[in-house]
Amino acid sequence: MREPKSMKLDNNFFIAKNISKSFGGLQALHKVSLSIPEASLTLMIGPNGSGKTTFLQIISGILKPDDGRLVFKDHDITSLPPNLRFTLGIASTFQIPRVFPSLSVLENVLMAAGDPTPNPMRALWGVDEHELIEKAFNILKLLSLDHLWNKPASTLSGGQMKLLELARSLMSDPKLLLLDEPLAGVNPALASRIMKFLTELKSCRGIAAFLVEHRLDLALKHVDFVYVLHHGRVISQGSPDDVLEDPLVAKAYLGE
Amino acid sequence: MEVLTFVLSLGTLYSIYVILAASMELEYGELGLPNFAKVAFFAVGAFTVGALSVRLCATLTGVALEGEFKLRSYYYATLLSARISSNPLLGLTVFLVTLIVAVPLSMLLGILASYPALRLREDYLATTLIAFSEILRVITRNYEPLLGGTFGAGVVDFLAWLRSPWRELTMLVLCSSLAAGIWFIQYKLSTSPFGRALRAIRDDELASVAYGKDVAKIRAWTMAIGSGMASVAGVLYAFYIGSVNPDDFTVARTFLVVLMVTVGGRGNPYGSLVGAATYLLLDRVMLFIKHNIPLPFDVNYFSYIILGILILVIIVRKPEGLIPERPPLTVKLNKISESNIIQHNTEK
């Protein structure tokens, strides 16, 4: 029911307003505000320790902000726990893949679907997961992981685990994907395949993605909008070209 | 005759251990929650029988209980068992009522015990649960009106209307069918999306939350189910032994169940069957040695040493247990999906 409204005001899709967070005496984020439009690729860059991962974890709900508000499709999600944000349509991946090592690849993907609390009573009668399994296989096929479906996730390589994380986050038909360095530790061919894949998701399925990434060479070509974070503040924002020409950005990255 | 009694009692004990191991398999083997209060939930079942069987039977037959419970419970247990011998329905009522009281009570306690798990790290949780089970034991040991304190409580023989060996055989059939049912529930849960969620939480709790699972609720469910199962074992055990003594329910029993699950194979639904069998086999062998081979020391204590060494060897040499967990456990592909995969793989 809310769908048409958020389509009209396309900036109401996701808004973070004045997010602040400190750890002890360290101010990791200082009044960070940004918006993510529907069906877009938004990139956040910044030197190490600038607060990117902290910000991402605040959006996914793993960390609570000290101050500020998060609005997703007209819902105030600031105080929602991560599992409820996930059911609303915000799926996130971890910087270091956190697959379930003793589950098979297929089971890992299935974990992201279905009931948030599988009913033990229904389990006794048997649960028909036929459709979910088909869907999971289709996603695995897209990422060329389907031949590994019955292997324990612990036996995958680092790059495959990254893909599995991505596969898992797609299983729930998310509206917004949060990706923490999806290209880190991934070979160039696979990295550009991931970026193309994200672009496809955006244009074919209308999935917005918010990325934190250091591999600017690969990421900038594909994204629509860039935020630059430095010492917990947004120092620059705009289209990839605008940001690259901003002298402040060069200064932050290369030093004085 | 002696062999028959031996086999019957072995089967009954095995059934009780399978129930305990199955409940621990769900909680510890699959959810990764070290329920070191297992004996407390086992005790809830046994204590319900100890506290209720004589009183309930007396109320039903109109017998007035006189004198202190701790001194008279065994006398009344014998007296009332004689009444049951001519009235099978009375015996069955006592059995069913204690079961109906014990299971929900234990499930409720299980849900309560799942709450510390939200805030405590695994090792602190284990310690807290051990303390919880000791507190229950110490209270029942010292509050005499409930279970007769250190005297223990007599339990009526609800099968007194049968003659030996039919009595023992009926007990075995009853215990083994309950054990089979409970193991089957464990198997079905373990191989369903519910079991998948349990394993995922065990593997990575944060990731499970990030992928939408309500961990607190799943934990509460699991503890409720596991505790309900353990209390069934407790009820059967109390009727099997014929008396209940709080000091019989020490932490050592919890660790026997942990041993069964670890030896059998944590996370494998068949682990509880194999683990309970392995333990019982060792236990009986040691009992046999004690009775038949003269040794210069007491084999009873020696058995603790042997079991301790066994658990160490298993953890060092084969930490996954005798039959390890083998994914995928929770997906059974039907023919359509199977042919899909085969088709795709041949395309490659």
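Please treat every number below as a calculation from the coordinates, not as lab data. Since this is a predicted model, take the numbers as computed values, not measurements. Virtual Cβ from ideal backbone geometry, glycine too; neighbours counted across all protein chains shown.
For the pair the stretch A:134-198 and the stretch B:39-90, the centres of their Cα atoms are 62 angstrom apart.
Annotation: aspartates and glutamates with alpha-carbon distance below 19 angstrom to residue A:135 (same-chain offsets under eight excluded): A:107, A:115, A:146, A:165, A:173, A:200, B:338. Among the residues of A:77-83, the average count of other protein chain beta-carbon atoms within 10 Å of the residue beta-carbon is 3. Antiparallel as a % of all DSSP beta bridges within the stretch A:174-256, to the nearest 5? If we restrict to bridges inside the stretch A:174-256, about 50 percent are antiparallel.
Kindly work out what percent of the DSSP beta bridges joining two residues of the protein assembly as shown are antiparallel, to the nearest 5. Write down the numbers at each step before the final one.
Working: 22 of 38 bridges.
In the protein assembly as shown, DSSP labels about 60 percent of beta bridges as antiparallel.
Applying 1/(1 + (r/R0)^6) with r as the Cβ-Cβ distance of residue B:139 and residue A:23 and R0 = 41 angstrom yields a FRET efficiency of 0.40. Prolate is the label for the protein assembly as shown, because the ratio a/c of its alpha-carbon gyration tensor axes (a ≥ b ≥ c) is 1.5 or higher and a/b is greater than b/c.
Output the antiparallel fraction of DSSP beta bridges having both residues in chain A, as a percent to the nearest 5.
Numbers: 20 of 36 bridges.
The antiparallel proportion sits near 55 percent.
Spatially, the stretch B:200-243 and the stretch B:246-292 are offset by 20 Å when compared through their Cα centroids.
Placing a label point 7 Å from the Cα of residue A:250 along the Cα-to-Cβ direction, the residues of the stretch A:198-217 whose backbone N falls under 18 Å of that point are A:216-217. In chain B, the longest principal axis of the Cα atoms and the axis of helix B:335-347 are about 30 degrees apart.
Based on alpha-carbon atoms, the Kirkwood radius and the radius of gyration of the stretch B:2-250 give Rg/Rh equal to 1.02. What angle, in degrees between 0 and 90 and rounded to the nearest 10, separates the Cα long axis of helix B:215-241 from the longest principal axis of the Cα atoms of chain B? Approximately 30 degrees, to the nearest 10.
Shielding by partners for B:202-208, please: the mean number of other protein chain Cβ atoms within 10 Å of each residue's Cβ.
Numbers: counts 3, 10, 6, 1, 4, 13, 6.
For peptide B:202-208, the averaged partner shielding equals 6.
Between their Cα atoms, which of A:73/A:221; A:151/B:213; A:52/A:175; A:141/B:318; A:202/B:332; B:38/B:332 are more than 25 Å away from each other? The pairs that break the limit, which is 25 Å between Cα atoms, are A:73/A:221; A:141/B:318; A:202/B:332; B:38/B:332. When shorter helices are ignored and each DSSP H run of at least 4 residues is given -39500 (n - 2.57), the per-residue value for the protein assembly as shown at 222 nm works out to -19000 deg cm²/dmol.
Against chain B, whose longest principal axis comes from its Cα atoms, helix B:299-317 is set at around 10 degrees. Residue by residue along A:88-101, Cβ atoms of other protein chains within 10 Å of the local Cβ number 3 on average.
What order do you get for B:107-113, A:69-75 when each peptide is scored by the mean count of other beta carbon atoms within 10 Å, highest first?
Values: B:107-113: 20.3, A:69-75: 17.0.
Descending mean neighbour count gives B:107-113, A:69-75.
Springs join every pair of Cα atoms under 10 Å in this Gaussian network model of chain B, and among B:269, B:296, B:116 the largest mean-square fluctuation is at B:296. Note on chain B: with a GNM built from Cα contacts shorter than 10 Å, the maximum mean-square fluctuation among B:217, B:290, B:318 falls on B:290. As a calculated quantity, the FRET efficiency between residue A:88 and residue A:241 at R0 = 25 Å, using C-beta atoms, amounts to about 0.15. What helices does chain A hold that run 20 Å or longer along their axis, going by alpha-carbon atoms, with a Kyte-Doolittle average of 0.0 or more, using DSSP H for the helix calls? Both cut-offs are met by A:188-205. Within a straight-line Cα-Cα reach of under 19 Å, residue A:17 can be paired with the following aspartates and glutamates, leaving aside sequence neighbours fewer than 8 residues apart in one chain: A:38, A:66, A:67, A:74, A:76.
By how many nm would the segment from residue A:115 to residue A:15 lengthen if fully extended, with 0.36 nm per residue of separation less the alpha-carbon distance?
Working: separation 100, 0.36 × 100 = 36.00 nm, distance 2.77 nm.
Net length gain for the segment: 33.2 nm.
As a proxy for reagent exposure, ranking A:155, B:48 by other Cβ atoms within 10 Å from fewest up yields A:155, B:48. Here the simple spin-label model places points 7 Å from the Cα toward Cβ, and for residue B:167 and residue A:128 these points are separated by 5.2 nm. In terms of its alpha-carbon gyration tensor, chain A comes out prolate; a/c meets the 1.5 threshold, and the first ratio a/b outweighs b/c.
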